[in-house]
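**Q** Here it is: the structure, laid out below.
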Amino acid sequence: MSAPVLEVTDLVKHFPVQRGLLRRTVAHVKAVDGVSFTVAPGETLCLVGESGCGKSTVARLITRLVEPTGGSIRLGGTDITKLDDAAMVAHRRRVQMVFQDPYASLNPKLRAGDIVAEPLENYEAMGRAEREEAVAAVLKKVGLRAEMMRRFPFEFSGGQRQRLGIARALALRPDLIVADEPVSALDVSVQAQVLNLLVDLQEEFGLSYLFVSHDLGVVEHIGHRIAVMYLGRIVEIGSKDDIVSEPLHPYTKALISAAPIPDPRARREKLVIEGDVPSPLDPPPGCHFHTRCPFAVARCRSEAPALREVRPGWNVACHLVET
Amino acid sequence: MNLVEPEMQVATAVKPILEVEDLRTHFFTRDGVTRAVDGVSFTVAPGETLGIVGESGCGKSVTALSILRLLPARLGRIVGGSVRFEGQELLSLPEGRMRDIRGNRVAMIFQEPMTSLNPVLTIGDQIAEAVMIHQGASRSDALRRAAEMLRLVRIPDAEKRVGDYPHQFSGGMRQRVMIAMALSCSPRLLIADEPTTALDVTVQAQILKLMLELKQATGSAVMLITHDLGVIAETCQRVIVMYAGRVVEQAEVLELFDAPLHPYTRGLMASIPRIGLGRRKRLAEIPGIVPDLRKPIVGCAFAPRCPIASARCRAEPPPLAEHRPGHLAACWHAGEMP
């Protein structure tokens with residue numbers, strides 16, 4: 001197996017909660033609480049979970065849009081958490097990001113061509129004509145016409161805007177694209193267009209994706225491997241086929257069971273878990289999931305289960321799963 | 001192929017509780033007239049769960065708001081058609097009489113439980129308000145009823161939580177409060193507009209289960225508006241598919257998923273990535289985007305994106321016609337394969 005593009009070890013991010021006039025720190029939100037995983041070349045790893053599980057924070061940590069509290073992020077072997085700003089510049093081009101909201105993530109005052117050209121201006125010594133040619137080429141790759149580079153974002157539909165966001169991420173030919181809920185703002189018919197595009201681009205350029213999503217249908221379609229997160233921790237990680245067909249962690253089971261299936265003949269008894277996700281400000285002791293887990297025993301309430309390999313390449317953090 | 005007169009669509013044994021006929025709602029903006037709802041007809045039978053599905057801008061929410069006459073008057077206007085609830089025409093009803101129906105005989109649940117609750121009133125007062133207005137109950141009786149409703153939607157410690165404010169509840173709990181409020185006057189029809197879209201999937205499962213259980217218990221009809229065919233498949237008995245302000249297909253849920261007739265419905269079904277589909281194969285795409293509803297649409301609104309559109313489709317709008325028993329589609333080539 002080739003060396004991973006991305007290797008994340010014990011990643012931790014605590015956000016301080018400040019109160020009062022003096023903005024004293026009264027508590028910490030443990031948004032990401034010791035997360036480890038790798039992404040291989042040409043692979044899509046999906047981070048799945050519900051709101052507040054820390055999946056988007058992981059995405060932002062890897063692009064260093066927020067600074068980690070602890071742990072390491074190795075990009076092609078280099079730990080980028082230790083790099084100063086100048087050294088970071090060279091690494092930024094290897095990992096690019098696609099955002100959820102295609103309306104908020106494009107500068108409304110720039111033309112489409114300038115939006116896509118910006119990373120090229122920062123990194124490539126190109127003449128104007130050459131750069132315009134490169135922009136036209138990358139627009140074509142994402143299914144937009146070259147003459148659209150003169151338009152402003154408001155002249156594009158939601159799906160076309162997301163293509164523009166992908167073009168901007170693709171312009172520097174990164175090794176890894178971090179995509180944070182890239183299709184959840186789109187209608188299903190347009191969502192399919194964008195998902196197909198992401199798969200095509202991966203095959204053409206051998207890209208790796210870290211794909212953050214709450215939608216298990218989307219995840220199953222695009223992912224090679226899945227990591228399920230709950231309150232800042234990974235509870236299960238393994239190949240997509242294994243996890244979807246035989247989820248081992250009770251939370252993964254509930255998540256898969258809860259996802260509505262567009263087939264009225266498949267109406268089935270669901271494993272409906274009670275309650276909401278607890279506040280990440282004050283997560284339950286022991287296994288974070290024990291308050292909602294139908295199988296929890298005394299040990300789950302006091303001792304946090306470690307993520308351990310229960311089958312080859314398949315790790316689960318649950319006391320009750322047998323090896 | 002029979003063209004169906006509106007009367008024939010309701011040729012079922014029971015008299016429908018809601019009859020919507022040729023409803024037209026237009027928005028008058030600076031950029032022109034948007035035909036948000038453009039001739040929509042359907043019925044809801046007592047105790048039935050009817051799903052209305054479509055993508056953003058198809059007119060499904062505006063249809064719901066039009067039924068309850070809740071559109072912002074400055075912008076949107078119902079320009080034609082009829083809405084009859086229990087045989088009574090709602091569109092010509094004086095506002096005072098409309099208020100007797102709204103929140104009482106017909107209740108609505110909205111997508112955003114945060115913005116649909118008043119942040120400065122306690123949950124109990126908000127539920128009690130409707131009970132006091134519509135049923136003439138005293139405040140203490142109404143508050144007792146509020147606690148009873150909170151218990152019904154399974155909010156723990158209901159008696160204590162009556163005095164809490166919306167911000168003290170989580171998203172899923174707020175949606176339970178909305179359901180409690182909507183059901184507090186035992187409505188005959190509950191309109192739920194994307195009631196679970198803002199919720200996490202495990203909470204969505206709880207809320208849908210709760211809604212269906214309460215519907216069974218109270219016998220009220222439900223009109224469930226959603227963009228999610230998965231939610232439709234798991235909860236509805238009959239389905240209406242909307243596109244560009246029009247109904248394009250209508251059928252029983254099994255019939256619709258077994259044998260969709262309209263190319264748009266088929267495209268929608270094929271484009272959903274779903275669990276259990278296995279291999280990473282290509283999703284079917286519907287090319288292009290929805291039409292601009294400010295421009296007049298000649299012919300079928302879906303024709304520019306349709307794989308089987310013919311010259312006739314681009315010239316003449318197809319009527320909603322019955323192709324199989326109870327299965328209606330607005331397509332000149334209904335059921336034909338591309």
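**Q** Filter the range B:194-210 for residues that are over 18 Å from B:Ile275 (Cβ atoms) and under 14 Å from the mean Cα position of the chain (by Cα) and give the result.
**A** B:Glu194, B:Pro195, B:Thr197
**Q** Same structure, new question: Considering each of B:Ala192, B:Ala217, B:Ala251 in turn, give the residue that is crowded, with 24+ Cβ neighbours inside 10 Å and within 30 Å of B:Gln135 (Cα to Cα).
**A** B:Ala192
**Q** Among the residues of the range A:5-49, what is the count of those that are in a loop (DSSP other than H, G, I, E, B) and either touching a Gly at 6+ places or on another chain (Cβ under 8 Å) or at pLDDT below 95 (or both)?
**A** The total comes to 8.
**Q** Here's a follow-up. Kindly indicate whether A:Ala31 is in contact (Cβ under 8 Å) with a residue 24 or more places away in the chain, surrounded by 22 or more Cβ atoms within 10 Å (Cβ to Cβ) and under 30 Å from A:Met148 (Cβ atoms).
**A** Criteria not met by A:Ala31.
**Q** Within the range B:111-157, restricting attention to residues that are closer than 23 Å to B:Lys209 by Cα and small (Gly, Ala, Ser), which residue is surrounded by the fewest Cβ atoms within 10 Å (Cβ to Cβ)?
**A** Here the residue is B:Ser116.
**Q** Of everything in the range B:260-293, what is under 15 Å from A:Pro262 (Cα atoms) and in contact with a Pro (Cβ under 7 Å, 6 or more places away or on another chain)? Give them in sequence order.
**A** B:Arg266, B:Met269, B:Ile272, B:Arg274, B:Leu283
**Q** Another question, if that's okay. Would a scan of the range A:224-244 turn up a residue that is at the interface with chain B (Cβ under 9 Å from one of its Cβ atoms) and either crowded, with 22+ Cβ neighbours inside 10 Å or assigned to a loop (DSSP other than H, G, I, E, B) (or both)?
**A** yes
**Q** Quick one: count up the residues across the range B:163-186 that are within 14 Å of another protein chain (Cβ to nearest Cβ) and over 14 Å from B:Pro119 (Cβ atoms). Step through it out loud before you land on a result.
**A** Taking the range B:163-186 as the starting set, the residues that turn out to be within 14 Å of another protein chain (Cβ to nearest Cβ) are B:167-177.
Checking the rest, the ones that are also over 14 Å from B:Pro119 (Cβ atoms) come to B:170-173, B:175-176.
Count: 6.
Per-residue answers, yes or no, for (1) at the interface with chain B (Cβ under 8 Å from one of its Cβ atoms); (2) surrounded by 13 or more Cβ atoms within 10 Å (Cβ to Cβ); (3) at pLDDT 95 or above; (4) under 24 Å from A:Val218 (Cα atoms):
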site	(1), (2), (3), (4)
A:Thr252	no, yes, yes, yes
A:Ser257	yes, yes, no, yes
A:Ala266	yes, yes, no, yes
A:Asp282	no, no, no, no
A:Cys300	no, yes, yes, no
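**Q** So in the range B:260-272, with the set limited to residues that are assigned to a helix (DSSP H, G or I) and touching a Ser or Thr at 6+ places or on another chain (Cβ under 9 Å), which one is farthest from the other protein chains (Cβ to nearest Cβ)?
**A** Filtering the range B:260-272 for residues that are assigned to a helix (DSSP H, G or I) and touching a Ser or Thr at 6+ places or on another chain (Cβ under 9 Å), the one farthest from the other protein chains (Cβ to nearest Cβ) comes out as B:Tyr264.
Conditions (1) among the hydrophobic types (A, V, I, L, M, F, W, C); (2) modelled with pLDDT of 95 or more, marked per residue:
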{"site": "B:Gly51", "(1), (2)": "no, yes"}
{"site": "B:Cys58", "(1), (2)": "yes, no"}
{"site": "B:Arg74", "(1), (2)": "no, no"}
{"site": "B:Ser82", "(1), (2)": "no, yes"}
{"site": "B:Leu90", "(1), (2)": "yes, yes"}
{"site": "B:Glu95", "(1), (2)": "no, no"}
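**Q** Counting just the residues of the range A:295-323 that are in contact with a His (Cβ under 8 Å, 6 or more places away or on another chain) and β-branched (Val, Ile, Thr), which one comes out nearest to A:His224 (Cα to Cα)?
**A** A:Val316
**Q** Would you pick out the residues in the range A:193-214 that are surrounded by fewer than 19 Cβ atoms within 10 Å (Cβ to Cβ) and either under 17 Å from A:Gly49 (Cβ atoms) or away from every other protein chain (no Cβ under 14 Å) (or both)?
**A** Hits for the range A:193-214 are A:Glu204, A:Phe205, A:Gly206.
**Q** Looking at A:Gly52, A:Gly71, can you tell me which residue is buried (at least 18 other Cβ atoms within 10 Å of the Cβ), at pLDDT 95 or above and either in a loop (DSSP other than H, G, I, E, B) or over 14 Å from the mean Cα position of the chain (by Cα) (or both)?
**A** One residue alone meets the criteria, A:Gly71.
**Q** With respect to A:Ala86, determine if the residue is part of a helix (DSSP H, G or I) and at negative phi. Explain how you work it out, then say what you get.
**A** Details: part of a helix (DSSP H, G or I): yes; at negative phi: yes.
So A:Ala86 fits the description; yes.
**Q** Continuing with the same structure: So if I check each of B:Ile286, B:Ile275, which one is at the interface with chain A (Cβ under 8 Å from one of its Cβ atoms), touching a Lys or Arg at 6+ places or on another chain (Cβ under 7 Å), assigned to a loop (DSSP other than H, G, I, E, B) and buried (at least 18 other Cβ atoms within 10 Å of the Cβ)?
**A** Exactly one residue qualifies, and that residue is B:Ile286.
**Q** Of all the residues that make up the range B:79-108, how many are more than 24 Å from B:Asp22 (Cα to Cα) and surrounded by 14 or more Cβ atoms within 10 Å (Cβ to Cβ)?
**A** 2
**Q** Return the pair list, or none, for Cβ contacts closer than 6 Å from residues in the range B:60-73 that are closer than 17 Å to B:Leu224 by Cβ to residues that are small (Gly, Ala, Ser) and crowded, with 20+ Cβ neighbours inside 10 Å, at least 6 apart or on different chains.
**A** B:Lys60/B:Gly54; B:Val62/B:Ala36
**Q** Take A:His221 and decide whether it is crowded, with 21+ Cβ neighbours inside 10 Å, out of contact with any Phe, Trp or Tyr (no Cβ under 8 Å at 6 or more places or on another chain) and facing another protein chain (nearest Cβ under 9 Å).
**A** yes
**Q** Follow-up. Checking the conditions here, which among B:Gly163, B:Gly124, B:Gly171 is more than 21 Å from B:Arg69 (Cβ to Cβ) and modelled with pLDDT under 90?
**A** Every option except B:Gly171 fails the conditions.
**Q** Then there is this: Scan the range A:126-160 residue by residue and report those that are within 14 Å of chain B (Cβ to nearest Cβ), in a helix (DSSP H, G or I) and within 24 Å of the chain's Cα centre (by Cα).
**A** Selection gives A:Gly158, A:Gly159, A:Gln160.
**Q** Could you check the range A:161-192 and list, in sequence order, the residues that are assigned to a loop (DSSP other than H, G, I, E, B) and either of a type outside the set (Gly, Ala, Ser) or within 14 Å of another protein chain (Cβ to nearest Cβ) (or both)?
**A** A:Leu172, A:Arg173, A:Pro174, A:Asp175, A:Glu181, A:Pro182, A:Val183, A:Ser184, A:Ala185, A:Leu186, A:Asp187
**Q** Looking only at the range B:151-162, count how many residues are within 14 Å of chain A (Cβ to nearest Cβ), of a type in the set (Lys, Arg) and either without any contact (Cβ under 8 Å) to a residue 12 or more places away in the chain or part of a strand (DSSP E or B) (or both).
**A** 0
**Q** Please count how many residues of the range B:78-104 are among the charged types (D, E, K, R) and more than 19 Å from the chain's Cα centre (by Cα).
**A** 5
The values are calculated or read from the model by the stated rules, or taken from the named source; none is laboratory data. Fair warning: this is a prediction, and the values are worked out from it, not measured in the lab. Cβ: placed from backbone, ideal geometry, glycine included. Neighbour counts: every protein chain shown.
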